[in-house]
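Written out below as structure tokens is the structure these notes cover.
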């Protein structure tokens with residue numbers, strides 16, 4: 001049997017490389033992505049932390065930008081969804097939405113199986129990390145969206161809707177797997193110590209995810225964007241679109257500041273790479289490639305365009321590091337958060353920003369998306 | 001001025017669990033609590049995670065009679081010490097208007 005990394009590469013990347021000229025095209029896409037302000041700001045953040053440089057982004061600014069980005073993704077998504085709805089009804093949207101739900105259920109299970117049975121990790125750690133990889137990262141969506149806009153292949157308008165659909169099921173499924181499989185262990189432990197079994201906080205954790213900032217802002221603004229596009233005159237809507245638009249200078253500019261802060265945080269987490277071990281480092285790179293390929297391929301089958309497949313691959317492959325950590329901590333306290341947060345934030349996020357997105361773009365071309 | 005001898009229970013730990021401990025403290029007989037965001041470092045503080053916008057670590061204090069203090073500390077040690085970053089200690093304090101801190105049963 002092939003070792004795990006080779007197997008995953010074979011599943012995710014080899015079909016692409018089998019085509020001779022494909023490799024050169026991937027390298028070209030990588031160059032086109034890497035030498036742009038957004039990933040370079042992220043890199044600057046990492047370098048600054050590693051050399052103990054003096055960049056400090058005030059926490060309040062970071063949270064304000066996060067709010068703006070989520071509102072913007074939601075509002076523009078809702079606006080474009082309304083346009084799509086007026087033009088085609090729900091005919092173009094239902095298939096991608098269904099595929100998103102399906103992948104939201106599949107990715108935590110594949111992650112759990114790989115971590116538990118190939119990596120030999122504990123039930124709680126496997127389920128905890130799987131919850132992160134089953135959910136998605138809105139910032140990865142924003143960066144992927146900017147990338148496809150720069151390459152003149154804008155994604156389908158309803159992608160933000162798919163991001164909100166993808167956020168919850170993955171966390172829920174992984175936590176249910178973890179809670180179910182570790183219930184016996186907990187009961188045995190409780191019997192040995194003579195104390196009652198602790199109540200599971202699964203319901204509370206899922207409620208926190210559903211009503212957390214990312215979902216409330218993104219889904220809320222999606223509805224607001226949708227409703228106001230249908231009922232407001234175009235002239236009245238213009239200033240809002242101007243303020244929130246993802247192609248606009250405000251969005252791109254603040255995304256750079258946000259990525260700079262993400263780089264500062266990821267730089268700190270890089271030190272934890274030694275603690276998590278080579279298996280998790282390989283997992284953090286290869287699992288996104290596999291999930292990304294699944295996303296691109298199924299997205300293509302569901303009718304997404306080239307940009308849409310690329311962004312969809314990026315969001316399916318990405319790991320949550322905002323909504324998932326507290327939900328996992330509440331439900332599976334025995335899971336070590338250093339493992340999941342390091343994998344999501346210090347391995348998968350930088351990989352996707354620098355290499356993953358252009359690779360998904362080439363994958364999308366390879367599967368025939370247009 | 002009369003001072004009342006009471007106990008100060010201090011718990012420093014992950015933000016995620018502190019409100020739950022505060023509520024349980026009230027159920028166990030405390031008349032109130034103080035909860036503040038803090039910054040610190042400990043052997044397990046790398047584990048701290050929180051919801052967006054919240055501090056990662058909080059300090060919780062109760063001024064209570066000795067029996068309530070023991071009940072709170074027992075609850076915390078049984079439920080949180082194993083898996084969460086959390087520390088708790090007890091101090092003797094002399095409190096003005098101490099009768100405020102005793103639940104009339």
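Where a number appears in this text, it was derived from the coordinates with a stated rule and is not lab data. What you are looking at is a predicted structure, and each value in this text was computed from that prediction instead of being measured. FYI the Cβ positions are ideal-geometry reconstructions off the backbone, even for glycines, and counts take in every protein chain you see.
Couple of notes before you dig in:
- Against chain A, whose longest principal axis comes from its Cα atoms, helix A:94-113 is set at around 30 degrees.
- Chain A, helix-only ellipticity at 222 nm - DSSP H runs n ≥ 4, -39,500 (n - 2.57), divided by all residues, nearest 500: -24500 deg cm²/dmol
- Compared with the dominant principal axis of the Cα atoms in chain A, helix A:273-301 is inclined by about 50°.
- Contact order relative to length of segment A:238-370, as percent, for alpha carbon pairs under 8 angstrom and 6 or more apart: 32
- D_trans [Stokes-Einstein, Kirkwood Rh over alpha-carbon pairs] for segment A:244-370, 4 °C, 1.567 mPa s, µm² s⁻¹: 82
- Three-way shape call for segment A:107-238 based on the alpha-carbon gyration tensor, with the a/c threshold at 1.5: oblate
- Relative contact order of chain B, defined on C-alpha pairs under 8 angstrom at six or more residues apart (%): 49
- Among B:39, B:87, B:17, residue whose mean-square fluctuation peaks in a GNM of chain B (springs only between Cα atoms under 10 Å): B:39
- Hull-based mean projected area of segment A:172-300, where the convex hull spans the alpha carbons, in square nanometres: 13.5
- Paired Rg and Dmax values of segment B:3-100, which use every Cα atom, in angstrom: 13.5, 42
- Spin-label model, residue B:26/residue A:152: points 7 Å from Cα along the beta carbon direction are separated by 6.3 nm.
- Contact order for segment A:4-366, expressed relative to its length and based on alpha carbon pairs under 8 Å spaced 6+ residues apart, stands at 33 percent.
- Each listed q (0.06, 0.12, 0.15 Å⁻¹) maps to a log10 I(q)/I(0) for chain A from the Debye sum over equal C-alpha point scatterers, namely -0.22, -0.87, -1.35.
- Of all the options A:300, A:88, A:291, the one that moves most in a Gaussian network model of chain A with Cα springs shorter than 10 angstrom is A:88.
- Burial ranking of peptide ranges A:35-47, A:319-331 (average Cβ count within 10 Å, highest at the top): A:319-331, A:35-47
- Inter-chain shielding of B:16-27 (mean C-beta neighbours from other protein chains, 10 Å cut-off): 1
- Taking the C-alpha atoms only, the angle from helix A:159-193 to the longest principal axis of chain A is near 10 degrees.
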